[in-house]
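The values are calculated or read from the model by the stated rules, or taken from the named source; none is laboratory data. Computed from a prediction, not measured in an experiment: that's the story for all the values here. In this analysis, Cβ positions are derived from the backbone assuming ideal geometry, glycine residues included, and neighbour counts consider all displayed protein chains. Quick note on the areas: whole protein, heavy atoms, side chains included, nothing else; ligands and nucleic acids left out. Shrake-Rupley method; radii C 1.70, N 1.55, O 1.52, S 1.80 Å.
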Amino acid sequence: MTWTGMFSESTRKTTRPTRPRYLPPHMRSPQIGNASFLETGAPELTRPRFYSPQLAQSTRGRGPWLTARRNPNWEDEKFDELEVVDDTLEEANVTNNLEAYDDIPVQASGDNIPPPVKTFSEIDLGDGLKQNIRRCNYIKPTPIQRHAIPIAVAGRDLMACAQTGSGKTAAFCFPIISGVLKDSLSVTRRVGGGSEVACPLALILAPTRELSCQIYEEAKKFAYMTRVQIAVAYGGTSIYHQLRRLERGVDILVATPGRLVDMIERAKVSLGMIKYLALDEADRMLDMGFEPQIRRIVEQMDMPPPGTRQTMLFSATFPDEIQRFASDFLLDYVFLAVGRVGSSTDLIVQRVELVQEMDKRNHLLNLLRTQRSNGTPHSKHALTLVFVETKRGADKLERWLSRNGFSAIAMHGDKVQMEREQALRSFKSGATPILVATDVASRGLDIPHVAHVINFDMPKNIDDYVHRIGRTGRAGKFGLATAFFSDKNLHLAKSLAEVMKESSQEVPTWLIQNAENYSASGRSGWVRHRGVDYGGYDLRKDIASSSTYNDTYAVPAIDGQYAPTFLGSGGDDHWVASDMNLNAAAPPYGYGSVVASGWD
DNA sequence: AAAAAAG
């Protein structure tokens, strides 16, 4: 049996910082003047008053000695060599649409589920990590963190549906770092000098190189000044330097599958000592393209079997069939879903426009021109992310936009890694305020200031749509998502209408009409029509014999705040962790501040 | 009929 509950989240103001400080993605650039945004239907292009790029620049590239003289707490400065924001921000944040998101639905199922905590201090994560959590200004755990961390720290396997922006990365990093810290085996005993094999205790896998980097950077912050050694392994760059790094010993390895396999085959890495395995964007990692590789790494190398390692799978979407694959990797796992589709998601305005293929380019130009004339020109603070279907299409659209006066850059898997990273940097910095990307950029990446996501080509499945539009509307900022819907996309009509409806969007009648005519039943080739199935519920519930899972877990009332307001209501509730929800929900959580990139 | 991930 499972329980389902709605929890009240009360938010509160945090103390105003006395000095410029790191600002987490979800708290960056809270929207200001959103009324104009809604009226024009164009992204808010006004430069947020609280952001200070000059200030951010000024601390960059400085040696610790320099900072040390200025500030005795230089460690903290070095710790986040990132964006420094001035403190006027804080206030703007906390006043953001709080009430609408006070109730966060949480569903958990499985045997003997460790109860959630209300604060980080309720769990012994170790002094070093605890200090870093403070350094990160993590005031209060997010819902996914409150639930997932106790489960993970208890050593349980976990399948977690967590909304983007809800603190997923920390939710699996904290328990892993904490576990490594408690491990008595020093890293030097697991790797010798010379060419010995690196034996990490933890492996974190991600579907793209850039996402691996992001997680790596994030984990480094969490492990700052502890003895926990973190390394990253991904393709498209010299393996030599990565191997040299491994020779120094590694506790936690963040990797993409290809390069990892390469290293294992070269006998530079052994998975024999793995105690923790985490798959980020787990449904992607287990989809048709990736599944064989993952299976190879998890089942056919020297990775300890389920039961002797701890496995954690995280994603915002989790279709049934993927849950089935996934359960092969897990033992007696807890299923967790945070967030619900259908709750207010007015932070992302979703528009669908019926555009024929041949008209798309001009339509895009008109859209961008309107956007430009509506407000400040594209800038660091109003980035537009355009998704296309193919790599060639990305290049062609980049050229088309450039020829027509829009500064655009393309990012896709046919570019060499340097170009990919350069494109991303150029976009993030605002130097090239339009990024034309394939799905390489659809998941996990945290790009502040994306005001508008345009699905120039619709993705093949609705999950990707959810992930793509989740690149905007983050950090409590309003976001706009525009979809160019052509007759090639009719199979998506139903699921798209469903997604929009669930996030309180206005669904055009023509779309509803088509949704009825084209119920997503067809299945052909590699196109997987799944209708609306993000897997917001535990697949095991469908299994006839529920005896294995009959431990009911009621959430203890803590200060009256955690008392479920309802339990297992009617069955009509659709529990899903969707990006849209998550975006909407992010600011109200009121985690004070914090979190870093990779907040996804 | 695709994107991603090794070189």
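Could you give each residue of region A:432-440 its phi-based ³J(HN,Hα) in whole Hz, using Karplus coefficients 6.51, -1.76, 1.60 with θ = phi - 60°, and x for Gly or Pro?
For region A:432-440, the Karplus curve yields 10, x, 10, 10, 9, 10, 8, 5, 4 Hz.
Would you list A:HIS241, A:HIS147, A:HIS491 from the most to the least accessible area, probe 1.4 Å? Present the calculation step by step, with values, prior to reporting the outcome.
Values: A:HIS241 130, A:HIS147 5, A:HIS491 45 Å².
Greatest to least solvent exposure: A:HIS241, A:HIS491, A:HIS147.
Along Cα→Cβ, 7 Å out, is where each label goes; now give me the distance between the ones at A:THR308 and A:ARG296 in nm to one decimal.
In this crude spin-label approximation the distance works out to 2.3 nm.
Residue-wise, which Karplus ³J(HN,Hα) couplings in Hz belong to region A:244-253, taking 6.51 cos²θ - 1.76 cosθ + 1.60, θ = phi - 60°, and x for glycine or proline?
3J(HN,Hα) across region A:244-253, in whole Hz: 4, 4, 5, 4, 7, x, 9, 8, 10, 10.
Counting only residues 5 or more places away or on other chains, whose amide H sits under 5 Å from the amide H of A:LEU383 once H atoms are built in the peptide plane?
A:VAL450, A:ALA451, A:HIS452
Suppose every K and R has +1 on its Cβ and every D and E has -1 on its Cβ; what is the size of the dipole of region A:348-517 about the Cα centre, in Debye to the nearest 20? Spell out each step's value before the answer.
Numbers: 24 positive and 19 negative charges, 133 e Å.
Approximately 640 debye in magnitude.
If the viscosity is 1.306 mPa s and the temperature 10 °C, what translational diffusion coefficient in µm²/s does Stokes-Einstein give for region A:348-517 when Rh comes from Kirkwood over Cα pairs?
Answer, rounded: 99 µm²/s.
Give me a comma-separated list of calculated 3J(HN,Hα) values for region A:283-288, in order, Karplus coefficients 6.51, -1.76, 1.60 applied at θ = phi - 60°, integers in Hz, x for any Gly or Pro.
5, 5, 4, 10, 7, 3
Rounded to the nearest percent, how much of the accessible area of region A:348-517 (1.4 Å probe, protein heavy atoms only) is carbon and sulfur?
49 percent
Can you compute the FRET efficiency between A:VAL416 and A:ALA267 using 1/(1 + (r/R0)^6), with r the Cβ-Cβ distance and R0 = 41 Å? Round to the nearest 0.05. Before the final figure, lay out each step's value.
Values: r = 27 Å, r/R0 = 0.67.
Result of the calculation: an efficiency of 0.90.
Non-local amide H neighbours of A:ILE204 (under 5 Å, H modeled in plane, Pro and chain starts lacking H): which ones?
For A:ILE204, the qualifying residues are A:LEU253, A:VAL254, A:ALA255, A:ALA278.
Give the ranking of A:MET458, A:MET288 by solvent-accessible surface, highest area first, calculated with a 1.4 Å probe.
Most to least solvent-accessible, the answer reads A:MET288, A:MET458.
So with the 1.4 Å probe, I'd like the accessible area per residue for region A:164-331, rounded to whole Å².
For region A:164-331, the per-residue accessible area is 32 Å².
Under 5 Å between amide hydrogens, which residues at least 5 positions from A:GLN310 or on another chain qualify, with H placed 1.01 Å from N in the peptide plane?
A:TYR276, A:LEU277
What whole number of Å gives the distance from the Cα centroid of region A:227-254 to the Cα centroid of region A:385-457?
Their Cα centres are 28 Å away from one another.
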